[in-house]
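Working notes, beginning with the structure itself.
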Amino acid sequence: MPNPKRSGKPARKSFSREVPFSKLEKKWTKEWGDSGAYEPNRKTAKKPYYNLMMFPYPSAEGLHVGNAYAFIGSDVYGRFKRLQGNDVFEPIGLDGFGIHSENYAIKKGVHPAQQAKVSEKNFYRQLQTIGNGFSWNERLETYDPEYYKWTQWLFVQMWRHGLAYRKKQSVNWCPSCKTVLADEQVIAGECERCGTKVEKRELEQWFFKITKYAEELLKDLDKMDWAEKVKVAQRNWIGKSVGALISFPVHGKLRNIEVFTTRPDTIFGATYLVLAPEHKIVETLKKEAGNEQEIDKYIAVSAKKAESERIAEKKTKTGVELKGVKAVNPANGQEIPIYIADYVVAAYGTGAIMAVPAHDERDFEFAKKFGLTIKTVVSPEKDASASSAPREAFSGDGYLVNSGKFNGRWSEEAKADLVDHVGGKKVSTYRLRDWLISRQRYWGPPIPMIYCEACAAANKGENKEMPGWYAVPEKDLPVKLPMVKDFRPTGSGRSPLSSVESFYKTKCPVCGGKARRETDVSDTFLDSSWYYLRYPNLGMKESKAAVAQNSGTKKTVKLVELPWNAEVTKKWLPVDMYIGGAEHAVLHLLYTRFVAMALNDWGFVGFREPFKVFRAHGLLIKEGAKMSKSKGNVVNPDEYIKKYGADAVRMYLMFLAPLEQGGDWRDAGIMGVVRFLNRAWNIGNGDLAKQKSLSKWLHPSIKKITDDFASLHYNTVISELMIILNRFEKEGAGEKDFKAFLQILSPLAPFLTEELWEKSGEKYSIHRSAWPKFDPKAAEDETVELVIQVNGKVRGRITVSKGLSQNEAQDTAMEIEAVREQVTGRVIRKVIYVPDKILNFVV
RNA sequence: GCCCGGGUGGCGGAAUGGUAUACGCGGAGGACUUAAAAUCCUCUGUCCUCACGGACUUGUGGGUUCGAGUCCCACCCCGGGCACCA
């Protein structure tokens with residue numbers, strides 16, 4: 001085989017030494033579009049494979065290289081799957097509704113709708129340049145009325161099925177965004193979007209009952225093929241605790257305070273009760289207490305406290321006693337005081353706790369501060385004489401003391417009996433709260449609800465508990481977001497739409513009288529909670545499903561349209577591979593699971609979990625630091641694509657590290673893959689030796705590369721490709737070998753490989769060709785390298801035929817001088833022989 | 001505080017309990033060139049040695065093993081999640 005010339009002059013004059021990437025990009029982008037290369041037939045596809053990447057919000061600064069990184073990572077996988085014979089569907093769209101886009105528009109002083117058009121165009125253009133095999137025909141934008149019509153429809157279904165409700169409660173309020181936020185959008189007391197400290201406000205808001213699915217959302221995780229860290233985050237967020245409900249009678253009248261505890265075994269040590277300031281019974285009890293004013297003051301102060309203040313306070317406990325009112329410990333009949341303190345969370349458990357200062361750190365702090373009794377009831381030693389006051393809370397397990405007939409028993413084991421003893425009930429509670437869905441903003445789908453005062457007065461409505469409220473009938477959707485001049489958030493607790501009369505004035509769908517529309521819009525995460533369902537169904541005929549409707553007094557069942565086609569949905573869903581950021585663990589990924597479960601319960605879809613496999617891509621940083629505009633170290637992918645080509649940018653990004661780990665971008669490093677591509681280009685344009693079949697040495701590489709693509713270890717795919725190319729240059733490339741090389745390179749460098757594939761006379765397109773098969777038999781070698789060690793240290797290597805006997809191996813090894821030196825004069829105590837691998841003398 | 005990841009050359013990173021540092025970047029030297037860039041070739045963990053060669057090395061300290069980056073125990077550091085949730 002002729003060695004390619006490496007003298008500094010081109011091997012042939014008919015082509016450039018460098019890949020003419022812009023020419024190739026132009027040519028093949030057009031060709032792929034014209035031929036529908038990435039548009040599977042959604043009705044007839046034989047091996048449907050839904051490969052999805054979280055759709056981006058179109059920030060107006062354009063496509064961030066972090067976006068490009070994730071999208072390319074997802075596309076490489078999609079292309080790999082396509083070459084394995086799957087009909088890959090890889091749609092793209094924009095999550096353009098929401099606070100983020102709106103804030104940007106405000107900053108620029110343009111209307112969000114106008115900004116959306118500009119961003120959309122720019123974003124799609126940029127996404128086009130990265131060479132992904134998107135199914136461009138099935139695009140969607142969440143702000144398109146054709147899309148949000150169905151987002152509103154989803155809200156209506158939540159309402160009709162009893163999962164949407166309106167309630168006044170203390171909620172998170174971002175003073176900068178001037179809207180309420182879901183718990184999931186508050187990160188360490190700060191707004192997820194703008195980082196402003198979140199306040200508490202008592203407001204009436206719309207919620208979705210995600211808590212109804214808490215147990216299933218938790219349990220399914222065990223069997224899901226999802227990135228482990230996301231599963232862990234969801235488990236933490238759902239926060240299941242197994243414990244008991246126990247009633248404490250309040251002295252004097254027939255009343256009880258019910259508490260939730262995970263430590264019923266410590267009940268003999270419960271020396272006081274604590275109520276959350278918002279607990280309902282406080283209203284009644286404070287009137288009987290002698291210090292109502294003091295109590296009211298405390299409640300007012302703690303209500304105003306921001307989340308961040310509470311976190312900062314932590315150990316400093318505050319509270320106030322309900323003087324003159326006492327409770328009874330049901331375990332021993334002792335009278336105990338009742339306190340109100342904001343270290344007890346109203347929305348968790350029952351909003352009331354039994355305090356066991358000896359065995360709970362928080363209760364201990366509180367008891368010390370207020371001089372309350374600290375009674376030890378669990379001891380690490382069996383016959384402990386716990387006389388002196390403990391210096392700190394002991395929260396471990398141990399033997400019960402001071403606990404009547406339970407004394408001496410192991411705490412953990414006695415739990416159930418103690419629950420029975422006081423007539424308690426074993427229950428589980430969850431930290432998960434219902435999803436706060438309404439936002440006092442403009443740029444979102446108006447919540448499709450109507451309030452009729454006349455019906456409310458007559459106690460009429462679709463939901464008994466919420467008279468006067470009606471869903472906008474499905475046939476009237478969408479409720480279009482009006483184009484208004486003043487779209488800025490008001491800060492009054494109401495959306496800007498609340499002052500747009502032409503919008504909110506409407507008729508009651510039941511009595512026909514004057515009525516008012518809901519003027520809040522829904523959370524962006526509702527838009528994205530079902531988009532994956534819409535993609536494969538764009539342009540398909542919508543199916544229908546039966547839904548019970550309750551119009552005021554009479555109940556009927558109606559057929560309503562679904563935003564999808566039943567057959568297409570059955571064929572393509574759930575999503576086979578979903579890739580996205582782990583930052584959505586308890587936002588998008590949890591909401592979406594909840595919505596899917598609800599849709600399944602209503603009989604609208606045939607699955608409960610929307611994403612079969614989820615993988616979280618890592619974070620892309622630059623030279624060890626996070627990219628940010630203020631640091632001025634943001635990599636603009638456009639610039640590099642222009643300079644080095646999309647193939648090079650794709651490969652470099654994927655070469656940095658495993659996709660799930662993230663990567664560290666360094667400008668200098670990209671030259672490595674640029675050289676690689678140029679060298680491949682040169683070989684492909686040179687003379688290739690004729691070949692009957694693939695070289696033996698290529699088979700193990702194909703195997704490795706196939707496995708590494710499947711596990712998203714693209715970095716080692718690339719290193720292996722480099723090793724192959726190095727060998728081609730050294731030994732000359734065979735025609736069959738090189739074509740296989742192009743195929744396994746094609747997911748990473750789609751343009752160059754398509755061009756060289758065409759040049760080689762192969763049929764269009766390489767991206768629909770059949771993946772080269774790894775043949776274990778063809779890969780077999782007769783000889784192997786055996787490593788010789790003495791006391792575990794390498795002293796030599798010998799090439800031997802496979803399956804050599806130990807005796808033969810030992811004899812051969814002894815011919816090595818270094819081995820003889822080490823062994824001579826010493827007794828060989830043991831010889832470890834792993835055939836075809838290692839021979840170790842122990843002396 | 002609790003729960004996940006992770007700690008390997010100057011850098012990004014490779015390594016089913018069996019050759020640590022693959023692949024690439026960067027660096028040094030050389031070839032080509034009037035010169036530079038590009039390209040190609042050689043070397044490149046640390047220490048000792050003119051060299052041959054040897055010793056050491058995967059955050060730290062122990063342990064298991066013929067053999068540990070990999071398994072076990074304790075600890076330190078970095079990144080992320082949760083956090084007054086009873």
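Structural remarks
- Flag if A:Lys759 is charged (D, E, K, R) and either touching a Lys or Arg at 6+ places or on another chain (Cβ under 6 Å) or away from RNA strand B (no atom under 14 Å from the Cβ) (or both): yes
- Among the residues of segment A:82-98, the ones that are surrounded by fewer than 23 Cβ atoms within 10 Å (Cβ to Cβ) and assigned to a helix (DSSP H, G or I) come to 1 in all.
- Applying the criterion of being modelled with pLDDT under 95 and of a type in the set (Gly, Ala, Ser) to the residues of segment A:728-745, the residue that is farthest from RNA strand B (Cβ to nearest atom) is A:Gly734.
- Of all the listed residues (A:Glu365, A:Glu335), the sole one being within 15 Å of RNA strand B (Cβ to nearest atom), surrounded by fewer than 19 Cβ atoms within 10 Å (Cβ to Cβ) and of a type in the set (Asp, Glu) is A:Glu365.
- Counting only helices (runs of 4 or more DSSP H) that fall entirely inside segment A:434-542 and contain at least 3 residues that are in contact (Cβ under 8 Å) with a residue 60 or more places away in the chain and under 31 Å from the mean Cα position of the chain (by Cα), the qualifying elements are A:524-527, A:531-534.
- Qualifying residue in segment A:138-158 (condition: at pLDDT 95 or above, closer than 23 Å to A:Arg534 by Cα, touching a His at 6+ places or on another chain (Cβ under 9 Å) and assigned to a loop (DSSP other than H, G, I, E, B)): no
- Verdict on A:Lys223 being more than 16 Å from RNA strand B (Cβ to nearest atom) and either within 23 Å of the chain's Cα centre (by Cα) or modelled with pLDDT of 90 or more (or both): yes
- Residue within segment A:67-78 that is modelled with pLDDT under 95 and either charged (D, E, K, R) or in a loop (DSSP other than H, G, I, E, B) (or both) present: no
- Residue match in segment A:153-174 (condition: more than 15 Å from RNA strand B (Cβ to nearest atom), open to solvent by 10 Å² or more (accessible area, probe 1.4 Å) and of a type in the set (Ser, Thr, Tyr)): yes
- Check on A:Pro40, in a loop (DSSP other than H, G, I, E, B), touching a residue at least 12 places away in the same chain (Cβ under 8 Å) and surrounded by fewer than 24 Cβ atoms within 10 Å (Cβ to Cβ): yes
- Scanning segment A:594-636 for residues that are among the basic types (Lys, Arg), touching a strand residue (DSSP E or B) at 6+ places or on another chain (Cβ under 8 Å) and within 16 Å of RNA strand B (Cβ to nearest atom) yields A:Arg615, A:Lys622, A:Lys631.
- Comparison of A:Val274, A:Val282 shows that the only residue that is in contact with a helix residue (DSSP H, G or I) (Cβ under 8 Å, 6 or more places away or on another chain) and at pLDDT 95 or above is A:Val274.
- Hits in segment A:791-822 - residues which are hydrophobic (A, V, I, L, M, F, W, C) and either within 13 Å of RNA strand B (Cβ to nearest atom) or at positive phi (or both): A:Val794, A:Ile798, A:Val800, A:Ile816, A:Ala818, A:Val819
- So A:Val419, is it among the aliphatic types (A, V, I, L, M), under 43 Å from the mean Cα position of the chain (by Cα) and farther than 30 Å from A:Ser495 by Cα: yes
The values are calculated or read from the model by the stated rules, or taken from the named source; none is laboratory data. The shown structure was predicted, so the numbers you read here are calculated from the model rather than taken from an experiment. Neighbour counts run over all protein chains shown; Cβ positions are idealised from the backbone, glycine included. Keep in mind that these areas ignore ligands, DNA and RNA; they rest on the heavy atoms of the full protein, side chains included. Shrake-Rupley method; radii C 1.70, N 1.55, O 1.52, S 1.80 Å.
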